[in-house]
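Novice: Handing you this structure, nothing more for now.
Here, each number is a calculation from the coordinates, and none is a lab measurement. Note that the coordinates shown come from a computational prediction; the quantities given were computed from them, not determined experimentally. In this analysis, Cβ positions are derived from the backbone assuming ideal geometry, glycine residues included, and neighbour counts consider all displayed protein chains.
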Amino acid sequence: MTFDEITGHKREKDILLRAISRRHIAHAYLFDGPEGIGKRLVATSFIRTLLCTQGTGCGHCPSCLKIDHNNHPDIHYLLAEGAALKVDQVRELQQVLSLRPLEGDYKICLVDGAEHFTVGAANALLKTLEEPQQGTIIILITSQPETLLTTIRSRCQKLTFRPLPKQQIAKVLTQKLDLNNSDAMILAALSEGSFKKALGKNQELFLEKRRKLIQSLSALSAGSIIPTFAFADELDSEKELLPDIIDIFQTFYRDILLLRHGCSEDDLVNIDLLDILHSQSQFFSTPSLMTKLKALESTRFHLQRNVNCRLALEVMLMRITNA
Ligand SMILES: [Zn+2]
């Protein structure tokens, strides 16, 4: 993928393109920002542009093709994928970087998941960063930059990636998932600026089922014990989805809160349920909505600690309906 084909991150792409055009490449970069928003994609495109024989990341030259097939001899990948990055792996990286480039001017190491370095590995890496060799580039990618040694961070040029605006994600979702604009905007809003989340989301839950869940929730009232218990039963049967369902309920009350405070409908998540949102915003005061949101948050907290799920849901729904 070329820089042009990557959605968003204009500032970061411009900085990297300028560095390439001026041949002023840092020895080490730190790409930080939330997961799933395209940091690795930008890093790979940067490397491709840097090594491309056309200088564009053309996608057709031998260098680009090797990068796309993960077999370019001058690139070393260190991918944590949830596991610890150990000192042996850093030693291997050092070994690779100590050799002259085989095809271009650079030897490049891409580390994805830099927060997974063990203490020993981080110290070994620090040594490499302190004594950079001509033509070597290390790119560290992380969603938790605060876990890295300060001394590592200070030796890298830092590029902070921000979550993508929901309009940008929605545009891609309409193409990739064949969604209508309204559904794409909802999925984008629920993904908090991350493509990974948006594309991985359970579409059925976040679109069709979300509508039903919110309709059921908003139909409950303070005195209606039997429907409340029946709804608790229904939710209890979907245990593995509960964290996402709580997210959905939170977006609902947050939307009502935003409407009450005069925010634009563009800022809402549940844009397909405007009728319900507007009618509920007449009923509930800000303190009442805050109490409902707190009830949801405390239920999330308790469910993570293996309390009696059914009981926690009953308490949650009663607190919500009584607030
Ligand atoms: Zn190329």
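Novice: Is there a pair in Lys107/Lys197; Lys39/Lys171; Lys212/Lys292; Lys13/Lys166; Lys127/Lys166; Lys158/Lys294 whose C-alpha atoms are over 30 Å apart, and which pairs would that be?
Specialist: Result: Lys107/Lys197; Lys127/Lys166; Lys158/Lys294 exceed 30 Å.
Novice: Oh, and also: Counting other Cβ atoms within 10 Å, which GluC sites (Glu not before Pro) in the stretch 78-110 have at most 10 and lie in a DSSP loop?
Specialist: Glu81
Novice: Follow-up question, since we're still on this one. Evaluate the distance, in nm, between pseudo-label points positioned 7 Å from the Cα of Cys58 and of Asp4 along their respective Cα→Cβ axes.
Specialist: Each label point lies 7 Å from its Cα, and together they span 1.4 nm.
Novice: Work through the residues other than Asp32 whose Cβ is under 13 Å from its Cβ and net out their charges, Lys, Arg +1 and Asp, Glu -1.
Specialist: With Lys, Arg at +1 and Asp, Glu at -1, the net is 0.
Novice: So how do 155-167, 46-58 stack up, highest first, on mean other-Cβ count within 10 Å?
Specialist: For the peptides 155-167, 46-58, the packing ranking is 46-58, 155-167.
Novice: Taking amide H positions as placed 1.01 Å from N in the peptide plane, with prolines and chain starts having none, which residues 5 or more places from Ile137, or on another chain, fall under 5 Å of its amide H?
Specialist: HN-HN under 5 Å from Ile137: Lys107, Ile108, Cys109.
Novice: Roughly how large, in nm² to one decimal, is the mean projection of the convex hull of the alpha-carbon atoms in the stretch 3-160?
Specialist: 8.5
Novice: So, one more: Please arrange Thr128, Thr291 by counting, for each residue, the other beta carbons lying within 10 Å of its beta carbon, fewest first.
Specialist: Going from least to most buried by this count: Thr291, Thr128.
Novice: Can I ask one more? Where the centre of each part is set by its Cα atoms, how far does the stretch 204-220 sit from the stretch 56-101, in angstrom?
Specialist: 46
Novice: Then there is this: Taking +1 at the Cβ of each Lys and Arg and -1 at the Cβ of each Asp and Glu, which of Gln280, Ser224, Asn306 sits farthest along the dipole of the stretch 174-323 towards its positive end, judged by Cα position relative to the Cα centre?
Specialist: Farthest towards the positive pole: Asn306.
Novice: So what's the chain giving for Cα Rg divided by 2.2 N^0.38 Å, two decimals?
Specialist: So the chain has a normalised radius of gyration of 1.23.
Novice: Quick check on the chain: helices-only [θ] at 222 nm, where DSSP H runs of length 4 and up contribute -39,500 (n - 2.57) each and the sum goes over total residues. Nearest 500, please.
Specialist: -16000 deg cm²/dmol
Novice: What GluC sites (Glu not before Pro) does the stretch 167-251 have in DSSP loop regions with at most 13 other beta carbons within 10 Å?
Specialist: For GluC sites (Glu not before Pro) across the stretch 167-251 that sit outside H, G, I, E and B with at most 13 neighbouring Cβ atoms in 10 Å, the list reads Glu238.
Novice: Among residues other than Ser298 whose Cβ falls under 13 Å from its Cβ, what is the net charge (Lys/Arg +1, Asp/Glu -1)?
Specialist: Neighbour charge sum, excluding Ser298 itself: +4.
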